[in-house]
Amino acid sequence: MTDLSDMTAETFEPLIGQTFTINGQPVTLKTVDKLDPPSASMRAPTSLVLTADEEIGMEDGVQVVGHDRLRQHSLLVHRITDPEQPTYEIVFA
């Protein structure tokens with residue numbers, strides 16, 4: 001299993017367009033953004049935006065997120081507003 005503390009934006013960039021799961025429901029990784037760290041001693045936050053073809057019926061909060069290469073991790077997932085399709089964001093640092 002890949003440890004979350006080892007994951008960075010670079011871990012996810014090659015996976016754009018691939019299928020992940022949130023609580024077993026398929027979603028597609030659309031974007032990966034590396035944000036500026038709050039201080040030089042802190043790790044850079046990473047934002048992942050994922051989309052689904054239909055609502056996956058989840059509440060904002062800690063969800064099980066999986067990918068074949070990265071295995072499963074419990075991550076904080078938020079539903080974000082997109083009028084075109086269900087869209088979710090994960091931010092970690």
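Some observations on this one:
- When Ile56 is tested against the conditions (1) hydrophobic (A, V, I, L, M, F, W, C); (2) assigned to a strand (DSSP E or B); (3) more than 12 Å from Val91 (Cβ to Cβ), the lone failure is (2).
- Selection status of Ser5, assigned to a helix (DSSP H, G or I) and either of a type in the set (S, T, N, Q) or in contact with a Pro (Cβ under 9 Å, 6 or more places away or on another chain) (or both): yes
- Only one entry in Val91, Val64, Val32 is surrounded by 16 or more Cβ atoms within 10 Å (Cβ to Cβ) and among the β-branched types (Val, Ile, Thr), namely Val32.
- Residues (within 20 Å of Gly17 (Cα to Cα) and touching a Gly at 6+ places or on another chain (Cβ under 9 Å)) located in the range 57-77: Val64, Gly66, Gln72, His73, Val77
- Residue among Phe20, Phe12 that alone is hydrophobic (A, V, I, L, M, F, W, C), modelled with pLDDT of 95 or more and not in a strand (DSSP E or B): Phe12
- Near pairs, Cβ below 8 angstrom, 6+ apart or cross-chain, from the range 27-38 (in contact (Cβ under 8 Å) with a residue 40 or more places away in the chain) to any residue that is among the polar types (S, T, N, Q) and open to solvent by 70 Å² or more (accessible area, probe 1.4 Å): Val27/Thr19
- Figure legend. Inter-residue proximity from the range 70-86: first residues touching a residue at least 40 places away in the same chain (Cβ under 8 Å) and within 20 Å of Glu13 (Cβ to Cβ), second residues of a type in the set (Asp, Glu) and surrounded by 12 or more Cβ atoms within 10 Å (Cβ to Cβ), beta-carbon distance below 8 Å, spacing 6+ or different chains. Indicated pairs: Val77/Asp60; Val77/Glu89.
The values are calculated or read from the model by the stated rules, or taken from the named source; none is laboratory data. It should be emphasised that the depicted structure is a prediction, and the values quoted were computed from it without experimental measurement. When we count neighbours, we look across all protein chains shown, and the Cβ atoms used for this are built from the backbone with ideal geometry, even at glycine. Note: accessible area is taken over every heavy atom of the protein model, side chains too, but ligands, DNA and RNA are not part of it. Shrake-Rupley method; radii C 1.70, N 1.55, O 1.52, S 1.80 Å.
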